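The values are calculated or read from the model by the stated rules, or taken from the named source; none is laboratory data. These numbers come from a predicted model, not from an experiment. Backbone-built Cβ (ideal geometry, glycine too); neighbour counts: all protein chains shown. The accessibility values were calculated without ligands, DNA or RNA, using every heavy atom of the protein model including side chains. Shrake-Rupley method; radii C 1.70, N 1.55, O 1.52, S 1.80 Å.
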Amino acid sequence: MKKLISPLIIPTTIILMASCVVPKKKFLAMQHERDSLQNGLNIANIKIDSLTKALAFHRDTINDLRSQVASLTSKLNSLQDQYNTLSDNYKQLRANSTDEIKKLIKDLETAQANLAAREKRLQEVEDAMARRDAAVKALRDKLQQALLGFNKSGLAVNIKDDKLLFSSGSIEIDDRGKEALTELAKVLQTQNDINILVEGHTDNMKVSNLGQIKDNWDLSVLRSTAVVRFLTETQKLDPLRVTASGRGEIMPVEKLNTADARSRNRRIEIILTPKLDVLYNLLNEDIK
(Lines give C-alpha, C1' and ligand atoms only; values in the text may rest on other atoms or scores of the structure.)
Protein backbone atom coordinates (compact mmCIF):
# COMPACT_ATOMS: atom_id res chain seq x y z
CA MET A 1 0.00 0.00 0.00
CA LYS A 2 1.31 3.21 -1.04
CA LYS A 3 2.07 5.59 1.68
CA LEU A 4 0.07 8.61 1.38
CA ILE A 5 2.25 11.58 1.38
CA SER A 6 0.66 14.36 3.26
CA PRO A 7 1.09 17.74 1.69
CA LEU A 8 3.80 19.92 3.38
CA ILE A 9 2.15 22.58 5.34
CA ILE A 10 4.44 25.51 5.95
CA PRO A 11 3.01 27.88 8.46
CA THR A 12 3.02 31.32 6.99
CA THR A 13 2.69 34.48 8.94
CA ILE A 14 1.34 37.25 6.94
CA ILE A 15 2.23 40.62 8.28
CA LEU A 16 0.07 43.22 7.03
CA MET A 17 1.98 46.52 7.23
CA ALA A 18 -0.52 49.11 7.52
CA SER A 19 0.96 52.29 6.12
CA CYS A 20 0.19 55.34 8.27
CA VAL A 21 -0.85 57.92 5.81
CA VAL A 22 -0.90 61.60 7.18
CA PRO A 23 -2.87 64.11 5.35
CA LYS A 24 -0.69 66.60 3.52
CA LYS A 25 -2.45 69.64 4.95
CA LYS A 26 -1.86 68.48 8.46
CA PHE A 27 1.77 67.70 7.61
CA LEU A 28 2.35 71.19 6.28
CA ALA A 29 0.77 72.66 9.35
CA MET A 30 3.02 70.61 11.59
CA GLN A 31 6.05 71.55 9.50
CA HIS A 32 5.10 75.24 9.78
CA GLU A 33 4.67 74.92 13.51
CA ARG A 34 8.08 73.23 13.74
CA ASP A 35 9.70 76.06 11.80
CA SER A 36 7.92 78.63 13.92
CA LEU A 37 9.10 76.94 17.09
CA GLN A 38 12.63 76.80 15.72
CA ASN A 39 12.53 80.50 14.92
CA GLY A 40 11.18 81.23 18.39
CA LEU A 41 13.95 79.11 19.84
CA ASN A 42 16.55 81.02 17.83
CA ILE A 43 15.10 84.35 18.91
CA ALA A 44 15.00 83.16 22.51
CA ASN A 45 18.63 82.09 22.26
CA ILE A 46 19.54 85.50 20.85
CA LYS A 47 17.65 87.22 23.68
CA ILE A 48 19.31 84.91 26.18
CA ASP A 49 22.73 85.87 24.81
CA SER A 50 21.79 89.58 24.90
CA LEU A 51 20.42 89.29 28.43
CA THR A 52 23.49 87.38 29.48
CA LYS A 53 25.73 90.17 28.18
CA ALA A 54 23.48 92.82 29.74
CA LEU A 55 23.56 90.91 33.01
CA ALA A 56 27.35 90.81 32.89
CA PHE A 57 27.47 94.57 32.15
CA HIS A 58 25.06 95.33 34.97
CA ARG A 59 27.07 93.13 37.30
CA ASP A 60 30.19 95.10 36.39
CA THR A 61 28.27 98.37 36.87
CA ILE A 62 26.95 97.15 40.24
CA ASN A 63 30.48 96.19 41.32
CA ASP A 64 31.77 99.61 40.21
CA LEU A 65 28.94 101.35 42.05
CA ARG A 66 29.62 99.28 45.12
CA SER A 67 33.28 100.35 44.93
CA GLN A 68 32.21 103.99 44.61
CA VAL A 69 29.76 103.62 47.49
CA ALA A 70 32.53 102.13 49.61
CA SER A 71 34.87 105.02 48.72
CA LEU A 72 32.15 107.64 49.38
CA THR A 73 31.27 105.92 52.63
CA SER A 74 34.92 106.12 53.68
CA LYS A 75 35.06 109.80 52.75
CA LEU A 76 31.77 110.45 54.55
CA ASN A 77 33.10 108.79 57.66
CA SER A 78 36.29 110.91 57.41
CA LEU A 79 34.26 114.10 56.95
CA GLN A 80 32.01 113.10 59.82
CA ASP A 81 35.08 112.63 62.01
CA GLN A 82 36.38 116.06 60.93
CA TYR A 83 32.99 117.61 61.60
CA ASN A 84 32.84 116.05 65.02
CA THR A 85 36.33 117.35 65.78
CA LEU A 86 35.46 120.87 64.58
CA SER A 87 32.20 120.79 66.48
CA ASP A 88 34.00 119.77 69.66
CA ASN A 89 36.62 122.47 69.10
CA TYR A 90 33.92 125.09 68.47
CA LYS A 91 32.06 124.12 71.61
CA GLN A 92 35.29 124.25 73.58
CA LEU A 93 36.26 127.59 72.03
CA ARG A 94 32.83 129.03 72.69
CA ALA A 95 32.96 127.85 76.26
CA ASN A 96 36.45 129.29 76.72
CA SER A 97 35.70 132.58 74.93
CA THR A 98 32.56 133.44 76.85
CA ASP A 99 34.56 135.34 79.44
CA GLU A 100 36.59 137.05 76.71
CA ILE A 101 33.41 138.10 74.89
CA LYS A 102 31.97 139.47 78.12
CA LYS A 103 35.21 141.34 78.76
CA LEU A 104 35.21 142.77 75.24
CA ILE A 105 31.60 143.89 75.60
CA LYS A 106 32.44 145.50 78.93
CA ASP A 107 35.50 147.20 77.43
CA LEU A 108 33.37 148.43 74.52
CA GLU A 109 30.76 149.83 76.88
CA THR A 110 33.50 151.51 78.90
CA ALA A 111 35.04 152.96 75.72
CA GLN A 112 31.65 154.27 74.62
CA ALA A 113 31.10 155.83 78.02
CA ASN A 114 34.57 157.41 77.90
CA LEU A 115 33.87 158.70 74.40
CA ALA A 116 30.61 160.24 75.55
CA ALA A 117 32.42 161.82 78.50
CA ARG A 118 35.14 163.17 76.20
CA GLU A 119 32.54 164.59 73.83
CA LYS A 120 30.84 166.24 76.78
CA ARG A 121 34.19 167.57 78.01
CA LEU A 122 35.02 168.83 74.52
CA GLN A 123 31.71 170.63 74.39
CA GLU A 124 32.49 172.19 77.76
CA VAL A 125 35.90 173.29 76.46
CA GLU A 126 34.32 174.74 73.32
CA ASP A 127 31.72 176.54 75.43
CA ALA A 128 34.45 177.89 77.73
CA MET A 129 36.46 179.05 74.71
CA ALA A 130 33.37 180.70 73.29
CA ARG A 131 32.82 182.50 76.59
CA ARG A 132 36.48 183.58 76.62
CA ASP A 133 36.22 184.80 73.05
CA ALA A 134 33.12 186.78 73.95
CA ALA A 135 34.85 188.20 77.04
CA VAL A 136 37.93 189.19 75.00
CA LYS A 137 35.72 190.84 72.37
CA ALA A 138 33.85 192.74 75.06
CA LEU A 139 37.16 193.80 76.58
CA ARG A 140 38.47 194.96 73.20
CA ASP A 141 35.32 197.03 72.69
CA LYS A 142 35.70 198.62 76.11
CA LEU A 143 39.38 199.35 75.54
CA GLN A 144 38.68 200.85 72.15
CA GLN A 145 36.07 203.15 73.63
CA ALA A 146 38.31 204.05 76.57
CA LEU A 147 41.63 204.51 74.79
CA LEU A 148 41.31 205.25 71.11
CA GLY A 149 40.50 208.88 71.89
CA PHE A 150 44.13 209.39 72.90
CA ASN A 151 45.17 209.25 69.26
CA LYS A 152 44.20 212.91 69.04
CA SER A 153 46.71 213.81 71.77
CA GLY A 154 49.61 212.12 69.97
CA LEU A 155 49.51 208.76 71.79
CA ALA A 156 49.17 205.95 69.26
CA VAL A 157 46.92 203.06 70.22
CA ASN A 158 46.51 200.09 67.88
CA ILE A 159 44.34 197.04 68.41
CA LYS A 160 45.95 193.88 67.00
CA ASP A 161 44.30 190.64 68.07
CA ASP A 162 44.75 190.67 71.88
CA LYS A 163 47.56 193.29 71.97
CA LEU A 164 47.53 197.00 72.85
CA LEU A 165 50.50 199.00 71.54
CA PHE A 166 51.62 202.23 73.30
CA SER A 167 54.41 204.39 71.91
CA SER A 168 56.49 206.50 74.27
CA GLY A 169 59.66 208.48 73.69
CA SER A 170 61.29 208.21 77.08
CA ILE A 171 61.73 206.09 80.19
CA GLU A 172 59.45 208.22 82.29
CA ILE A 173 55.73 208.06 81.67
CA ASP A 174 54.45 211.42 80.58
CA ASP A 175 51.06 212.85 81.51
CA ARG A 176 49.35 211.61 78.38
CA GLY A 177 50.70 208.12 78.98
CA LYS A 178 49.49 208.19 82.58
CA GLU A 179 46.03 209.23 81.43
CA ALA A 180 45.96 206.38 78.95
CA LEU A 181 47.17 203.88 81.58
CA THR A 182 44.57 205.18 84.05
CA GLU A 183 41.76 204.55 81.56
CA LEU A 184 43.25 201.13 80.81
CA ALA A 185 43.39 200.30 84.51
CA LYS A 186 39.71 201.23 84.94
CA VAL A 187 38.78 198.64 82.34
CA LEU A 188 41.17 195.99 83.66
CA GLN A 189 39.85 196.39 87.20
CA THR A 190 36.49 195.08 85.93
CA GLN A 191 38.12 192.14 84.12
CA ASN A 192 39.77 189.97 86.73
CA ASP A 193 40.34 187.12 84.25
CA ILE A 194 42.79 189.19 82.18
CA ASN A 195 46.56 188.92 82.60
CA ILE A 196 48.81 191.87 81.66
CA LEU A 197 52.23 191.53 80.08
CA VAL A 198 54.15 194.80 79.74
CA GLU A 199 56.95 194.69 77.14
CA GLY A 200 59.51 197.45 76.73
CA HIS A 201 61.09 198.05 73.31
CA THR A 202 63.86 200.40 72.15
CA ASP A 203 65.27 201.59 68.86
CA ASN A 204 68.66 200.49 67.55
CA MET A 205 70.61 203.47 68.87
CA LYS A 206 73.29 202.60 71.40
CA VAL A 207 72.73 203.72 74.98
CA SER A 208 75.08 206.46 76.23
CA ASN A 209 75.23 208.79 79.25
CA LEU A 210 72.39 206.98 81.05
CA GLY A 211 74.21 206.20 84.30
CA GLN A 212 73.87 202.55 85.30
CA ILE A 213 71.85 201.62 82.19
CA LYS A 214 74.29 199.50 80.21
CA ASP A 215 72.38 198.83 76.99
CA ASN A 216 69.01 198.73 75.30
CA TRP A 217 68.06 195.63 77.28
CA ASP A 218 68.27 197.56 80.50
CA LEU A 219 66.43 200.49 78.90
CA SER A 220 63.54 198.32 77.66
CA VAL A 221 63.15 196.64 81.05
CA LEU A 222 63.11 199.98 82.87
CA ARG A 223 60.34 201.21 80.56
CA SER A 224 58.22 198.15 81.28
CA THR A 225 58.82 198.28 85.05
CA ALA A 226 57.81 201.94 85.07
CA VAL A 227 54.46 201.01 83.55
CA VAL A 228 54.03 198.01 85.86
CA ARG A 229 54.79 200.18 88.88
CA PHE A 230 52.19 202.75 87.79
CA LEU A 231 49.52 200.06 87.22
CA THR A 232 50.13 198.21 90.48
CA GLU A 233 51.10 201.01 92.90
CA THR A 234 49.08 203.91 91.56
CA GLN A 235 46.13 202.11 89.96
CA LYS A 236 46.11 199.21 92.45
CA LEU A 237 45.99 196.35 89.96
CA ASP A 238 46.81 192.94 91.43
CA PRO A 239 50.59 192.43 90.94
CA LEU A 240 49.95 188.74 90.34
CA ARG A 241 48.26 189.70 87.06
CA VAL A 242 51.08 191.90 85.78
CA THR A 243 54.44 190.86 84.28
CA ALA A 244 57.27 193.14 83.19
CA SER A 245 59.67 192.24 80.41
CA GLY A 246 62.14 193.91 78.07
CA ARG A 247 62.89 192.99 74.46
CA GLY A 248 65.57 195.56 73.72
CA GLU A 249 65.88 196.44 70.05
CA ILE A 250 65.38 192.96 68.62
CA MET A 251 61.69 193.34 67.69
CA PRO A 252 61.31 196.61 65.78
CA VAL A 253 57.99 197.50 64.17
CA GLU A 254 59.85 199.57 61.57
CA LYS A 255 62.89 198.31 59.64
CA LEU A 256 63.96 201.70 58.29
CA ASN A 257 66.76 203.54 60.09
CA THR A 258 65.04 206.92 60.13
CA ALA A 259 64.14 209.20 63.00
CA ASP A 260 60.42 208.52 62.49
CA ALA A 261 61.00 204.75 62.36
CA ARG A 262 63.17 204.83 65.49
CA SER A 263 60.48 206.85 67.25
CA ARG A 264 57.89 204.14 66.55
CA ASN A 265 60.29 201.42 67.70
CA ARG A 266 60.73 203.13 71.11
CA ARG A 267 57.50 201.86 72.60
CA ILE A 268 55.70 199.99 75.33
CA GLU A 269 53.51 197.05 74.37
CA ILE A 270 50.84 195.99 76.80
CA ILE A 271 49.69 192.50 75.92
CA LEU A 272 46.40 191.43 77.42
CA THR A 273 45.64 187.70 77.55
CA PRO A 274 42.66 185.96 79.14
CA LYS A 275 43.40 183.54 81.93
CA LEU A 276 43.07 180.04 80.58
CA ASP A 277 42.89 178.26 83.93
CA VAL A 278 39.38 176.98 83.25
CA LEU A 279 40.37 175.66 79.84
CA TYR A 280 43.55 174.11 81.19
CA ASN A 281 41.66 172.43 84.00
CA LEU A 282 39.10 171.05 81.56
CA LEU A 283 41.80 169.77 79.24
CA ASN A 284 43.77 168.24 82.10
CA GLU A 285 40.67 166.49 83.40
CA ASP A 286 39.97 165.27 79.89
CA ILE A 287 43.50 163.86 79.56
CA LYS A 288 43.21 162.09 82.89
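Quick look at the numbers
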read-out	value
His32, His58, ranked by accessible area, largest first (probe 1.4 Å)	His32, His58
Anchor Lys186: aspartates and glutamates whose Cα lies under 15 Å away (excluding residues fewer than 8 positions away in-chain)	Asp141, Glu233, Asp238
Burial ranking of peptide ranges 177-186, 211-220 (average Cβ count within 10 Å, highest at the top)	177-186, 211-220
Heavy-atom accessible area per residue - the range 184-246, 1.4 Å, Å²	53 Å²
Per residue, in Å², the accessible surface of the range 60-144 once ligands and nucleic acids are set aside, probe 1.4 Å	83 Å²
Ordering of 86-99, 194-207 by packing [mean C-beta count within 10 Å, highest first]	194-207, 86-99
